[in-house]
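A short reminder: the numbers here are calculations on the coordinates, not readings from a lab. This one's a predicted model, so the numbers in the text were calculated from it and none came from an experiment.
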Amino acid sequence: MSQLSKEDIGKLIKIITKKENKEITFLGYLVAIKDNFYKIKLKDNGYNVDVIVDENTKIEISEIKVNLGKLSTNKLNYNSKLPNIVYIGTGGTIGTHVD
């Protein structure tokens, strides 16, 4: 198993793992690392997947790196004269933007 770090975020990686004795390959850009989960944006369709990385996982790292953008830091303004509302975005094809 290859160990990735936050400096590798944005790099194109190939993850080969096994599930139920079948080999599964993911090719995409590393988005985030948390514990033994790697989140990658799939190269073919832009969807994000989380892959559990363990001692049986093989990882190939490319030097190809893309800028994945940054999270918005816009400050929300509160107006006490207006009613409170809640917006819940659940994602999906229409609610997401794939670059």
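General observations
- Residue-wise HN-Hα coupling along region 45-60, computed from phi with Karplus coefficients 6.51, -1.76, 1.60 (Hz; x: Gly, Pro): 10, x, 6, 9, 9, 9, 10, 6, 9, 9, 5, 8, 8, 10, 10, 10
- Residue among 89, 28, 46 with the largest mean-square fluctuation in a Gaussian network model of the chain, springs linking Cα atoms under 10 Å: 89
- Taking amide hydrogens as placed 1.01 Å from N in the peptide plane, the amide H of residue 9 sits under 5 Å from that of no residue at least 5 positions away in sequence or on another chain.
- For the chain, built as a Gaussian network whose Cα springs stay under 10 Å, the top-fluctuating residue of 17, 73, 57: 73
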